[in-house]
1. Going 7 Å from the Cα of ASN217 along its beta-carbon direction, which residues of the stretch 240-276 have the amide nitrogen within less than 12 Å of the resulting point?
2. Among LEU162, LEU146, LEU25, which one shows the biggest mean-square fluctuation in a GNM of the chain, springs joining Cα atoms closer than 10 Å?
3. If the elastic network links every pair of Cα atoms under 10 Å, which of GLN184, GLN109, GLN125 fluctuates the most in the Gaussian network model of the chain?
4. Under 20 Å from a point placed 7 Å out from the Cα of PHE12 along the Cα-to-Cβ direction: which residues of the stretch 35-78 have their backbone N that close?
5. Skipping prolines and chain starts, which residues have an amide H placed within reach, meaning under 5 Å, of the one on GLY91, given they are 5 or more residues away or on another chain?
6. With θ set to phi - 60°, apply the Karplus curve 6.51 cos²θ - 1.76 cosθ + 1.60 along the stretch 121-129 and write out the HN-Hα couplings as whole Hz, x wherever there is a Gly or Pro.
7. If you line up the long axis of helix 160-169 against the longest principal axis of the chain, both from Cα atoms, how many degrees apart are they, to the nearest 10?
8. Any chance you could run the full-extension gain for GLU271 through ARG156? It's 0.36 nm times the residue separation minus the Cα-Cα distance, nm to one decimal.
Amino acid sequence: MNTTDSFHERFFRDGRLDDCPVFDLHGHMGPLQGAHLPRCTPEAMVAAMARAGVRLTVFCHHDTLMTPDVANHPNVETVRRYPDHFRAYCGINPNYPEQVRLDVDSFDQHRDVYVGFKMLADYHQIPITDPRNAPAWEKANAEGLLVLLHTWGGSRFDGPALVRECATDYPNAQILMGHSCHGQWQEAAGLAQEFPNVYCELTAVLDDRGAVEILVNEAGSEKVIFGTDTPWFNHHNYIGALLGAEITDDDRRNILYANARRLLAPFVPPELLECRNC
Ligand SMILES: [Zn+2]
């Protein structure tokens, strides 16, 4: 590797950089009805991660989110099988309040697995502010856990106004706005800029030219998190979005690893966050 070449050149040539680990904080896993996801097993995902230099993926299994009686077992099993590659969000489905209570109550038995919670409100059709989500929010708030939300512009379940309510009510929960309120990029960036506990996330920025620049210019690159919805999308789609955006290499490093390392530090052993050459 010729390190005198630019960050861009090296990434395009080699597909990964030793001095730039990647942390993907928005992942899923497993097949899903109606979708062709050719690399959705843990083994295939580990291989895909190696190609792009992804050090750690934080995910929530499709079965957990879509099949309540499966609950969080696939998350727990996978992380315990591949502890050097994965951590999980405890998936919450407020259509099943009893299960939410069980998931929250058993969270501490899986501290080696979880870094926080995942809510998929547009799919579950219950607002993030609904009292049925409160046990998860309260635990996240009490312990500074991460909460990965699916957020979407104009949504009555997880749009910007509802994120604002949660950020206000639970100021110690670290809120990752998955999809950054897609289409309402300015509002998402404004929330991340205003609230210390709110972060933008990249998945779906490819839909709009200029979205990365809006997030970085308005929120600051310290408030933007790398995520891909893997195995839905290729890591290089989103690494490419950062390489092609009008932002600095320092911004890219913040988004690809520095912010994630800071957020994960309380929950993950330091050796998983090590960055030897950066
Ligand atoms: Zn997702």
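1. 246-247
2. LEU162
3. GLN109
4. Output list for this probe position: 52-53.
5. Here LYS118 satisfy the definition.
6. 4, 4, 7, 7, 6, 9, x, 4, 8
7. 70
8. Details: separation 115, 0.36 × 115 = 41.40 nm, distance 4.07 nm.
Extra length from GLU271 to ARG156 when fully extended: 37.3 nm.
Computed from the coordinates by the stated procedures, all read-outs in this text should not be read as laboratory data. Worth saying up front: this structure is predicted, and the values here are computed from it rather than measured. Counting neighbours? That spans all protein chains shown, and the Cβs are built from the backbone with ideal geometry, glycine included.
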